[in-house]
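**Student:** Just passing along the structure, written as structure tokens.
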Amino acid sequence: MTKNLFSSSIRFFMLAVFCLGALGAGQIFGQSSVTGAIRGTVTDAQGAIVPNAAVTITNTGTNQTQDVTTDGDGGYRFSNLQPGVYSLKATASGFAAFTQERVVVEVGRVTPIEVQLGLTGQTANVEVTAEAPVINTNDNANSININQTSINELPINGRRWSNFALLTPGTV
């Protein structure tokens, strides 16, 4: 009798774990992020990829820099970046340097920056003065980014983080 009860308990536990996994409970832990990322592809003026280009980002608030080299497909990625404003510079032999200022990195977001390098004799200056878009066109999932301004200005009694989390779309 106790062996049957023990076996039934194990089956129930395994069924509960499977159901939670199937419902996406395993994805809950992946949503808690405190960093962002920048990714993109380096191409030339005709759209051909530029492998082995040097890409450098600098946090304008802390002056901290990171360097990467593009892969064989011309792609690069900076992960685990603290939220803030960055400047990006890309160089490759035979090409003019590319610089983009005011790249905004937000928590839990990947900021795409596509780099197009011109020939050495050409110079171009790209200056972006607009804020990052509120609409995420890369992902169909409902998501929200609650920043410090939202926390300060939203009318929530008690300022508890759980009250802000309940305001996000799709939260039950």
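No lab work stands behind these numbers, since they all come straight from the coordinates. This is a predicted model, so every value here is computed, not measured.
**Student:** Through the Karplus equation 6.51 cos²θ - 1.76 cosθ + 1.60, θ set to phi - 60°, convert the phi angles of segment 68-77 into ³J(HN,Hα) values in whole Hz; use x for Gly and Pro.
**Tutor:** 9, 10, 5, 7, x, 9, x, x, 9, 7
**Student:** Taking θ as phi - 60°, what are the ³J(HN,Hα) couplings along segment 108-118 by the Karplus curve (6.51, -1.76, 1.60), each to the nearest whole Hz, with x for Gly and Pro?
**Tutor:** For segment 108-118, the Karplus-derived couplings read x, 10, 9, 8, x, 10, 8, 9, 10, 8, x Hz, x marking Gly and Pro.
**Student:** Pull out the extension gain between Glu127 and Thr60, defined as 0.36 nm times the separation in residues minus the alpha carbon to alpha carbon distance; nm, one decimal.
**Tutor:** Details: separation 67, 0.36 × 67 = 24.12 nm, distance 1.49 nm.
Full-extension gain reported as 22.6 nm.
**Student:** Name the long-range amide H neighbours of Val107: under 5 Å, sequence gap of 5 or more, or other chain; modelled H, no Pro or chain starts.
**Tutor:** The answer is none.
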